[in-house]
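Novice: Just passing along the structure, written as structure tokens.
The values are calculated or read from the model by the stated rules, or taken from the named source; none is laboratory data. Just so it is clear, the model here is predicted, and its values are computed rather than measured. Here the Cβ positions follow ideal geometry from the backbone for every residue, glycine too, while neighbour counts run over all protein chains shown. SASA here: full protein model, heavy atoms, side chains in, ligands and nucleic acids out. Shrake-Rupley method; radii C 1.70, N 1.55, O 1.52, S 1.80 Å.
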Amino acid sequence: MSPDTDVYLIGLPLFCASERDIIVQVSPIASSQLKLLHLKALVHALQNDPDLAHIDQKILPKVFQALYVVTGCDYISFFSQVGKASFMRYFYQYASFISSAREYPGTLADTCLSDGMYQQGYLAFLRLIGTVYFKKHCTGFDTQSPISHFQTFKDKGPDQHLSWLDNIRQNMWFRVKFENEMVPSNEALLLHWKRACWVIDMWSQADQNTMKLQPITNYGWTVNENMLSVSWDSESNMKAVRERVSVLFKGCKCATGCKTKRCGCRKGGNTCSVGCDCKNCKNQEETELHVDDSDITEIALDEEIQGEGELEGDDIDDILDWVFGNESQIDERTEDSEDSTDSELTE
């Protein structure tokens, strides 16, 4: 038994069909109460949840595992300002849209690397990401439904998903305080999904004596001088960021107003920025920002939504509350009663 959250999620798809009773400790070792989770009880709760009724029951354990991995675990990064509680809440609200494959291709269970099915799963992952960011900034859109918003884009397959996410980014741009609150680029999301699929592939072999793993450098990591590092984005995107940062911090020092291409910024096709020390500059970006009272109200509402308490990666109690509801399937016993026998988990 282990209090590590990853443990029961590793075993969830592996042992859900097993005849054995698999019980995992989910409480911290130093806790005064011992909390145990029966994996069969968890699977039973998932398969009988009305919010998940449109998802094939056979793949539910793997969907739940994938949802945990892509939102951040020991191997995979988290999303800034978006915790597991938000992902869990909006997944349950829009589970059919995100991962049923009835109307739109792919489910979160499509993670297999060897047969290329992870590409279909990537589309379900994009619907998950788009839904969560849309709902957190819903006051910036004409509709309150991510499904209705998604359907306004008439392309099919990947193009529809990417156009949808691009539109969400555009609407979010003036509604967030920091750039790391934005939806990551499409290339960054693909690399994130590949890393998640690689981890899930490794977990799927946890009951084997040996593992056969795909080359890690093909799935969102790089190895340089025996050091493993994360590929956060495509090289072209990273290069553009580096160039832009260089322009911001290494500006011109023109004294004649930056009117001609003698100005290094203008010659490079850039406006002058905070890194410049120029005089009487005429190379500034001209923008007009109109803000009325309704805009202020909407932005304030967005901040209230974003200020909700987020779920930390290992806070298992809140995760399980979404699955079990009011009738907890966890057997809670104090350390003093650990020696008691024939205790049954409530259902």
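Novice: Mind counting the residues in segment 108-130 that are of a type in the set (V, I, T) and under 16 Å from W198 (Cα atoms)? Even if it seems obvious, please write down each step before you answer.
Specialist: Step one: list which residues in segment 108-130 are of a type in the set (V, I, T), which gives 111, 129.
Remaining after also requiring under 16 Å from W198 (Cα atoms): 111.
So the count comes out to 1.
Novice: May I pose another question? Quick one: is L14 among the hydrophobic types (A, V, I, L, M, F, W, C) and either surrounded by 20 or more Cβ atoms within 10 Å (Cβ to Cβ) or under 30 Å from E187 (Cβ atoms) (or both)?
Specialist: Against the criterion (among the hydrophobic types (A, V, I, L, M, F, W, C) and either surrounded by 20 or more Cβ atoms within 10 Å (Cβ to Cβ) or under 30 Å from E187 (Cβ atoms) (or both)), L14 does not qualify.
Novice: Before we move on, is K212 open to solvent by 100 Å² or more (accessible area, probe 1.4 Å) and closer than 29 Å to V7 by Cβ?
Specialist: Yes; evaluated as a whole, the condition is true for this residue.
Novice: Out of the residues in segment 175-214 meeting the condition of being outside any helix (DSSP H, G or I) and under 14 Å from the mean Cα position of the chain (by Cα), tell me which one is farthest from H137 (Cα to Cα).
Specialist: S185
Novice: Out of all the residues in segment 215-244, which are touching a residue at least 12 places away in the same chain (Cβ under 8 Å), farther than 23 Å from I10 by Cα and assigned to a loop (DSSP other than H, G, I, E, B)?
Specialist: S231, W232, D233, S234
Novice: Now, a different point. Given L123, L165, L128, which one is without any contact (Cβ under 8 Å) to a residue 40 or more places away in the chain, farther than 19 Å from W221 by Cα and touching a Leu at 6+ places or on another chain (Cβ under 9 Å)?
Specialist: Answer to the selection: L165.
Novice: With the requirement that a residue be of a type outside the set (G, A, S), open to solvent by less than 50 Å² (accessible area, probe 1.4 Å) and either modelled with pLDDT of 90 or more or within 19 Å of N280 (Cα to Cα) (or both), what does segment 231-246 give you?
Specialist: So the first thing to find is which residues in segment 231-246 are of a type outside the set (G, A, S), and the list is 232-233, 235, 237-239, 241-245.
If we keep only those that are open to solvent by less than 50 Å² (accessible area, probe 1.4 Å) too, we end up with 233, 237.
Residues satisfying the conditions do not exist here.
Novice: Follow-up. Checking K194 against (1) at positive phi; (2) of a type in the set (D, E, K, R); (3) crowded, with 16+ Cβ neighbours inside 10 Å, only one condition comes out false. Which one?
Specialist: Here K194 clears every test but (1).
Novice: So, in segment 141-160, of the ones that are part of a helix (DSSP H, G or I) and touching a Ser or Thr at 6+ places or on another chain (Cβ under 8 Å), which residue ends up nearest to A196 (Cα to Cα)?
Specialist: Checking each candidate, the answer is P146.
Novice: Kindly list, by first and then second residue, each pair from a residue in segment 100-117 that is under 23 Å from L9 (Cα atoms) and acidic (D, E) to a residue that is part of a loop (DSSP other than H, G, I, E, B) and open to solvent by 50 Å² or more (accessible area, probe 1.4 Å), limited to pairs with Cβ atoms under 6 Å and residues at least 6 apart or on different chains.
Specialist: From segment 100-117, the pairs are D110/M117.
Novice: So, in segment 26-43, exactly how many residues are assigned to a strand (DSSP E or B), open to solvent by less than 40 Å² (accessible area, probe 1.4 Å) and either more than 14 Å from L9 (Cβ to Cβ) or acidic (D, E) (or both)?
Specialist: Final tally of qualifying residues: 4.
Novice: Could I ask something else about it? Testing C265 on (1) of a type outside the set (A, V, I, L, M); (2) over 30 Å from C138 (Cα atoms); (3) in a helix (DSSP H, G or I); (4) open to solvent by 70 Å² or more (accessible area, probe 1.4 Å), one condition comes back false. Which one is that?
Specialist: Among (1) of a type outside the set (A, V, I, L, M); (2) over 30 Å from C138 (Cα atoms); (3) in a helix (DSSP H, G or I); (4) open to solvent by 70 Å² or more (accessible area, probe 1.4 Å), the lone unmet condition for C265 is (4).
Novice: Continuing with this model, one more query. So, V24, is that one modelled with pLDDT under 90 and of a type outside the set (G, A, S) or not? Let's see the steps before the verdict.
Specialist: Values: modelled with pLDDT under 90: yes; of a type outside the set (G, A, S): yes.
So V24 passes the test.
Novice: Any chance you could count how many residues in segment 44-56 are crowded, with 19+ Cβ neighbours inside 10 Å and of a type in the set (S, T, N, Q)?
Specialist: 0
Novice: Can I ask one more? Examine segment 33-56 for a residue that is under 28 Å from V230 (Cα atoms), modelled with pLDDT of 85 or more and of a type in the set (D, E, K, R), and state whether such a residue exists.
Specialist: No; the residues of segment 33-56 include none that is under 28 Å from V230 (Cα atoms), modelled with pLDDT of 85 or more and of a type in the set (D, E, K, R).
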